Amino acid sequence: MNDYAATFEQTWADPANTRYELPPVDVNRTLAERYELSEPLVFTQDMLWDMEVRKARRPDLFIPTVVAAGSADSWGEGDTFVRRSMQRSWTAPEEYTLVLERTHVDHATRMVTFLGTPEHPGPDGELLRAGDLQPIFHVQHGAGGTQDQPLNLWRIVHLTDAVDTGLLRVFDRMAENPWLPEFVEIYVRDVLGVGLTRR
């Protein structure tokens, strides 16, 4: 296990932190049940992983309802880098706050780990400080399942002194979403070039 994943697991194990794991999303099943497609598509685990790798660097393109347009940037070579973006606050979505994340893309496990940090030097060396609208959080995004039945995996842990039930309610609402996550819809439409319409 790499250091990023180990840090995530250690934080996840702390009962004082606010943890949430969304139910795995069976991409092909959801496509079949919830969408009309412009052409047949078998969505593969390779496609899901390609989407995760792209999204790690460009969250503004793949989660535009969360990340303010033009606010995302990343620096660092290869599969370990730092990312910054202006993101909507979970509990006050009308407000944006600066989120700084140390990021590792693990191709072996097909998991991306984002470790939130309160401050970090920017690409020019200037010290950046994360916004204070919400607790610092870590996130893991992954491509699970099998090649022909990929599962979108997602879990988050906020660094809190005690479990925040308000945050949990936000993620409960996310878990009730019957559609694919927006980043999968965007990948299908904009990268694969397949039109999709919600039923």
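Each reported figure results from applying straightforward, stated rules to the coordinates on display, with no laboratory input. A quick note: this is a predicted structure, and the numbers were derived from the prediction, not measured. Positions of Cβ are backbone-derived with ideal geometry, glycine not excepted, and every protein chain shown enters the neighbour counts.
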Local electrostatic count, VAL191, Cβ distance below 9 Å [Lys/Arg +1, Asp/Glu -1]:
0
List the residues whose amide H sits under 5 Å from the amide H of LEU151, counting only those 5 or more places along or on another chain, with H placed 1.01 Å from N in the peptide plane.
GLY144, GLY145, THR146
Give the Rg/Rh ratio for the chain, taking Rg as the radius of gyration of the Cα atoms and Rh as the Kirkwood radius, to two decimals.
0.95
Give the separation of the Cα centroids, the range 1-74 to the range 137-192, in Å.
6
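Is it possible to state the helix-based mean residue ellipticity at 222 nm for the chain, with each DSSP H run of 4+ residues giving -39500 (n - 2.57), the sum divided by total residues, to the nearest 500 deg cm²/dmol? What is it?
Values: 6 runs with 51 residues, N = 199.
So the helix-based figure for the chain works out to -7000 deg cm²/dmol.
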Kyte-Doolittle mean at least 0.0 and Cα axial length at least 27 Å: DSSP H helices in the chain
none
